[in-house]
Amino acid sequence: MSFHLTALLLLIPALLSAQQPAAPTVDFKKDIQPIFAKYCYQCHSVQKKKEKAGFVFDNVERLSHDVGEGRIIVPKKVDESDLIPIVLGVDGKKEMPPEGAKLKTEEVEKLRTWISEGANLPGIDIAAKMARQTRQRVREVMNWTSKEGKVIKATFEELQGDFVLLRMQTDNKVYKVPLTKLNPAGQIQAKMQAE
Ligand code: HEC
């Protein structure tokens, strides 16, 4: 065998391993779920029938709707993920949990690492989900009127139970708006967009 071929064969394993993305160091079930259980389930849980502001953290499928561009968890973009300022109570966010023990530094760090590694959720294809959300974003900007007659401009994202997810034109973030906060025409508009 020529020297060059031998050298090449020796190189192959190194090349292959270099191409492989680093395995996530944080595991949702082992590292993240317990944090949500400890600090959030009390008020945000399907099982406890507590869904403050429309958020639940004990159901992976439901939680996956809060993952994506402009949502509270933006995969690989820790700085754009409101979940972090929310648990820290900074940037004008109402601190979560609103009472009792706060998250420990190492727990916040785990959340940050989980997000920077792609916010993986068991059984959920995050990449496919984000591609779907991007396709939805070409939807037209519509006027939405509140019960009080205030008009906002936003694109419809999805209907989630009693909430409509609207992407506001002002900051491109997705807000969960209780249907009951919209005027009757707005409520119909939301239901029609969902069809
Ligand atoms: C004691 C009850 C309670 C606990 C525990 C709690 N929350 Fe909340 N959460 C609320 C209430 C009440 C609201 C609605 C606040 C409002 O609209 O003023 C809320 C709203 C939210 C919102 C939407 C508001 C926003 O700023 O976007 C998020 C996200 C949220 N909570 C995340 C969490 C997370 C994450 C945890 C755990 C680390 C948690 N919450 C723990 C009661 C709780």
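The values are calculated or read from the model by the stated rules, or taken from the named source; none is laboratory data. From a predicted model like this one, the values you see are computed outputs, not experimental measurements. Methodologically, a virtual Cβ is constructed for each residue, glycine included, from the backbone with ideal geometry; neighbour enumeration extends over all protein chains shown. Heavy atoms of the whole protein, side chains included, go into the accessibility calculation; ligands, DNA and RNA do not. Shrake-Rupley method; radii C 1.70, N 1.55, O 1.52, S 1.80 Å.
See the values below:
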{"quantity": "Rg ratio (alpha-carbon, reference 2.2 N^0.38 Å) - the stretch 137-194", "calculated": "0.97"}
{"quantity": "In Hz, Karplus ³J(HN,Hα) per residue of the stretch 35-40 (6.51, -1.76, 1.60; θ = phi - 60°; x = Gly, Pro)", "calculated": "5, 4, 4, 5, 10, 10"}
{"quantity": "Proximal charge balance of LEU166 [Cβ under 9 Å; K/R count +1, D/E count -1]", "calculated": "+1"}
{"quantity": "Of the trypsin sites (Lys or Arg not before Pro) in the stretch 28-76, those whose Cβ has at most 10 other Cβ within 10 Å and which sit in DSSP loop", "calculated": "LYS49"}
{"quantity": "Reciprocal of mean inverse Cα separation for the stretch 79-195 (Kirkwood radius, Å)", "calculated": "16.4"}
{"quantity": "Set LYS29/LYS50; LYS52/LYS102; LYS48/LYS129 screened for pairs whose C-alpha atoms are more than 24 Å apart", "calculated": "LYS48/LYS129"}
{"quantity": "All Cα pairs of the chain, percent lying beyond 29 Å", "calculated": "34"}
{"quantity": "Cα centroid of the stretch 33-87 to Cα centroid of the stretch 153-184, whole Å", "calculated": "17"}
{"quantity": "Where the chain is the region considered: accessible area per residue in Å², 1.4 Å probe", "calculated": "61"}
{"quantity": "FRET E, pair LYS93, VAL141, Förster distance 30 Å, beta-carbon r, rounded to 0.05", "calculated": "0.70"}
{"quantity": "5 angstrom amide H check on LEU182, placed H, neighbours 5+ away", "calculated": "LYS147"}
{"quantity": "Rg [Å, one decimal], Dmax [Å, integer] - the stretch 28-134, C-alpha atoms", "calculated": "13.0, 38"}
{"quantity": "Carbon + sulfur, % of accessible area of the chain - ligands and nucleic acids excluded, 1.4 Å", "calculated": "58"}
